[in-house]
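No value in this document is a laboratory result; all are computed from the given coordinates. Model, not experiment: these values are computed from the prediction. In this analysis, Cβ positions are derived from the backbone assuming ideal geometry, glycine residues included, and neighbour counts consider all displayed protein chains.
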Amino acid sequence: MEPIHTHISHQYNVELEEIRSHVLQMGGLVEQQIEQAMIALVKGDVALGEAVIMNDTKVNKLEVTIDEECNQIIARRQPAASDLRLVVAVIKTITDLERIGDEAEKIARMAVRLAGEERPKNNYAEIQVLGQHVRQMVHDALDAFARVDVESALLTAREDRKADQEYEGAIRQLITYMMEDPRTISRVLNVIWAARALERIGDHARNICEYIIYFVKGKDIRHTSLDQVAQEILGKESS
């Protein structure tokens with residue numbers, strides 16, 4: 001993890017680094033939740049799916065703990081400028097990580113339901129690519145957070161377009177299955193819910209990347225096109 005600012009108070013430095021470290025700890029757990037939920041879905045592993053559902057409480061507890069740490073820093077240190085942006089970015093990031101955990105739990109619930117139905121020969125290949133893609137987005141977003149890397153954050157945020165395209169392609173394929181064989185409707189509807197959860201994970205990963213850019217550059221890009229952001233931010237960096 002790249003160091004950030006150095007303050008006269010050593011304890012203040014420690015507190016800021018601790019909240020960043022705890023974000024990465026929470027992110028690691030969330031990544032594991034996504035991976036295990038997808039394995040449970042593809043392999044029909046009920047026990048693993050139920051473990052993912054149970055572990056969502058750990059993600060929720062980490063969010064509460066980090067949020068309290070941020071509140072304590074605001075109350076005791078009264079951070080300003082980039083320090084304040086860091087704390088705000090952390091608070092927003094853990095909210096998105098908690099929601100990613102919720103989406104992973106939804107996938108795990110679909111996995112448990114689908115385990116009791118006839119399994120398709122392709123092992124849900126129509127959403128496996130999407131699952132791998134959004135999990136990598138989450139990983140790359142957390143890596144950019146650890147390294148305070150604006151360029152990597154921007155590149156990862158732009159991957160959300162591809163995730164959306166993969167989601168739309170998967171939905172078209174799944175609808176085709178239902179039209180060709182109405183007996184698959186119940187199973188396919190559950191897969192569609194899982195695909196929707198994966199698409200939402202991609203959205204949350206993009207949000208985290210936007211918070212990194214906000215922290216480093218002090219610029220809120222939530223309602224700005226990523227092409228424009230690339231031109232403004234990366235163009236300035238190279239000039």
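At R0 = 30 Å, how high is the FRET efficiency between Gln11 and Lys219 if r is their beta carbon distance? Nearest 0.05 is fine. It comes to 0.50. Note on the chain: GNM, Cα springs under 10 Å; of Gln173, Gln128, Gln36, the largest mean-square fluctuation is that of Gln173. Across the alpha-carbon set of the stretch 63-105, the Rg to Rh ratio works out to 1.08, Rh being the Kirkwood radius.
If each of Ile74 and Leu24 carries a label point 7 Å out from its Cα toward its Cβ, how far apart are those two points in nm? Inter-label distance under the simple model: 2.5 nm. By the count of other C-beta atoms within 10 Å, a proxy for reagent exposure, Leu114, Leu154 are ordered fewest to most as Leu154, Leu114. Between Ala146 and Lys121, the simple label model (points 7 Å from Cα in the Cβ direction) yields a spacing of 4.2 nm. Once you have the Cα-Cα distance between Arg172 and Glu50, take 0.36 nm times their residue separation minus that, and quote the gain in nm to one decimal. Difference between extended and current length: 41.0 nm.
Can you grab the distance from the C-alpha centre of the stretch 24-51 to the C-alpha centre of the stretch 64-99, Å, no decimals? Between the Cα centre of the stretch 24-51 and that of the stretch 64-99, the gap is 27 Å. Note on Asp181, Asp67: ascending count of other Cβ atoms within 10 Å places them as Asp181, Asp67, the fewest first.
On average over all directions, what projected area in square nanometres does the stretch 10-238 have, based on the convex hull of its Cα atoms? Result: a mean projected hull area of 13.2 nm².
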